[in-house]
Amino acid sequence: MSHLEIAQVMAKIAGEMIKSKMGSGFITEDKSSSFDVVTEVDKASEQLIRQGILEKFPSHHFLGEEESFLSGRPLAEVLAEATSEPYLWIVDPIDGTSNYVQGIPGFTVSIGLACYGQLQLGVIYDPCGDELFWAEKGKGAFLNGKPIHVSPVNELGRSVVATGFPSKMEARRAVYEGLGRLIEQCRTIRSLGSAARHLAYVASGRLHAFWENGLNAWDMAAGVLIIQEAGGTVTDAKGNEYSLLTTDVVGSNGHLHAPVLQCL
Ligand code: IPD
Ligand code: CA
Ligand code: CA
Ligand code: CA
């Protein structure tokens with residue numbers, strides 16, 4: 001099985017498992033605060049994906065949101081290690097845990113693969129919509145096997161832009177400030193509860209742009225490559241090139257990138 005095939009298979013297996021446990025009375029705990037929660041299903045999903053990937057590629061590095069929270073190791077340290085063995089899998093086992101806990105569809109599984117810090121592939125699965133988005137570097141972006149492209153819309157006044165509300169207060173305030181300016185310029189704003197889904201929707205033209213502050217590599221890795229391969233643009237909120245250490249992100253169809261950056 002190729003890297004892409006294993007990522008697709010594991011995203012689907014984990015997604016089906018997550019969906020099957022919806023509303024089943026799973027345990028939910030606070031992480032850093034009551035704004036930041038984790039369920040036993042997040043942990044089980046990460047374990048499943050980790051096992052599936054490392055069974056096939058035992059020497060690869062693996063960065064999962066939940067394990068990373070427990071270890072408390074800074075991302076820069078994990079990335080610095082991926083040198084002699086350059087492959088690093090970056091996994092969000094449930095992106096949109098708040099949706100999941102409330103029984104709201106739209107959460108996703110996000111699996112990215114980087115080599116020497118450069119994104120190679122990204123897979124995002126929405127189990128409730130049965131939508132599998134993926135991209136491989138230089139090979140285009142796809143939704144359930146069909147090529148996808150960003151939207152050609154080039155006026156902010158005709159755009160639908162998404163954002164999310166991070167758990168850390170400083171980042172949440174930054175989102176709120178951007179929101180105050182963008183709300184006066186775009187057609188409307190959406191917040192669907194999963195950063196990965198927002199990125200996948202920019203890639204497929206359903207949204208024209210997405211920004212959020214205070215994200216982590218596991219929220220974005222897969223979605224960033226999917227947008228780039230669908231013809232869009234991703235930078236940090238200051239317009240610098242995206243890197244795995246980026247936390248404040250803007251992803252767009254390209255045409256609206258500068259006007260969105262200007263509002264933030
Ligand atoms: C969250 C989701 C949400 C975003 C938060 C993220 P999680 O990830 O992507 O849309 O607004 O900032 O932390 O914790 O559900 O994996
Ligand atoms: Ca989380
Ligand atoms: Ca996430
Ligand atoms: Ca998560």
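For the peptides 231-237, 36-42, residues were scored by their other Cβ atoms within 10 Å and the scores averaged per peptide; the highest-first order is 231-237, 36-42. Treating r as the C-beta distance of GLN47 and GLU177 and R0 as 35 Å, the FRET efficiency rounds to 0.40.
In deg cm²/dmol and to the nearest 500, what is the mean residue ellipticity at 222 nm of the chain if only DSSP H runs of at least 4 residues count, each as -39500 (n - 2.57), divided by the residue total?
Details: 9 runs with 98 residues, N = 264.
The helix contribution divided over the chain gives -11000 deg cm²/dmol.
The phi torsions of the range 31-38, fed into the Karplus equation with coefficients 6.51, -1.76 and 1.60 and a -60° offset, translate into couplings of 9, 6, 6, 6, 7, 9, 10, 9 Hz, rounded to whole numbers, with Gly and Pro shown as x. Annotation: extensible slack from ASN154 through GLU55 equals 31.1 nm (criterion: 0.36 nm per residue apart, minus Cα-Cα distance). Mind running the shape call on the range 3-147? Use the C-alpha gyration tensor, a ≥ b ≥ c as the square roots of the eigenvalues: rounded below 1.5 for a/c, prolate if a/b tops b/c, oblate otherwise. Because a/c hits 1.5 or more and a/b fails to exceed b/c, the range 3-147 counts as oblate.
Backbone geometry of the range 230-237 corresponds, through the Karplus equation with coefficients 6.51, -1.76 and 1.60 at θ = phi - 60°, to 3J(HN,Hα) couplings of 8, x, x, 10, 10, 9, 7, 6 Hz, x marking Gly and Pro.
Once fully extended, how much extra length lies between LYS168 and ALA258, figured as 0.36 nm per residue of separation less the alpha-carbon to alpha-carbon distance? Display every interim value, and only then the final one.
Working: separation 90, 0.36 × 90 = 32.40 nm, distance 2.63 nm.
Result: 29.8 nm gained on full extension.
A Stokes-Einstein calculation at 20 °C with viscosity 1.002 mPa s, built on the Kirkwood radius of the range 66-109 over Cα pairs, returns a diffusion coefficient of 172 µm²/s.
Which of the peptides 197-204, 99-106 is most tightly packed, and how do the rest follow, judged by the mean count of other Cβ atoms within 10 Å per residue?
Numbers: 197-204: 30.2, 99-106: 15.6.
The peptides rank, most packed first, as 197-204, 99-106.
Across the alpha-carbon atoms of the chain, the computed radius of gyration and Dmax are 17.1, 50 angstrom.
When the chain is treated as a GNM with alpha-carbon contacts under 10 Å, the residue of VAL109, VAL161, VAL175 showing the greatest mean-square fluctuation is VAL175. Between SER24 and SER243, the contour length at 0.36 nm per residue exceeds the alpha carbon distance by 75.1 nm. Expressed to the nearest 5 percent, the antiparallel share of DSSP beta bridges inside the chain is 80 percent. Using a cut-off of 32 Å between Cα atoms, the listed pairs LYS12/LYS168; LYS56/LYS238; LYS19/LYS137 include LYS56/LYS238 as exceeding that distance.
Bear in mind these aren't lab numbers, they're just calculated from the coordinates by the rules spelled out. None of the values given here were measured: they were computed from a predicted structure. In this analysis, Cβ positions are derived from the backbone assuming ideal geometry, glycine residues included, and neighbour counts consider all displayed protein chains.
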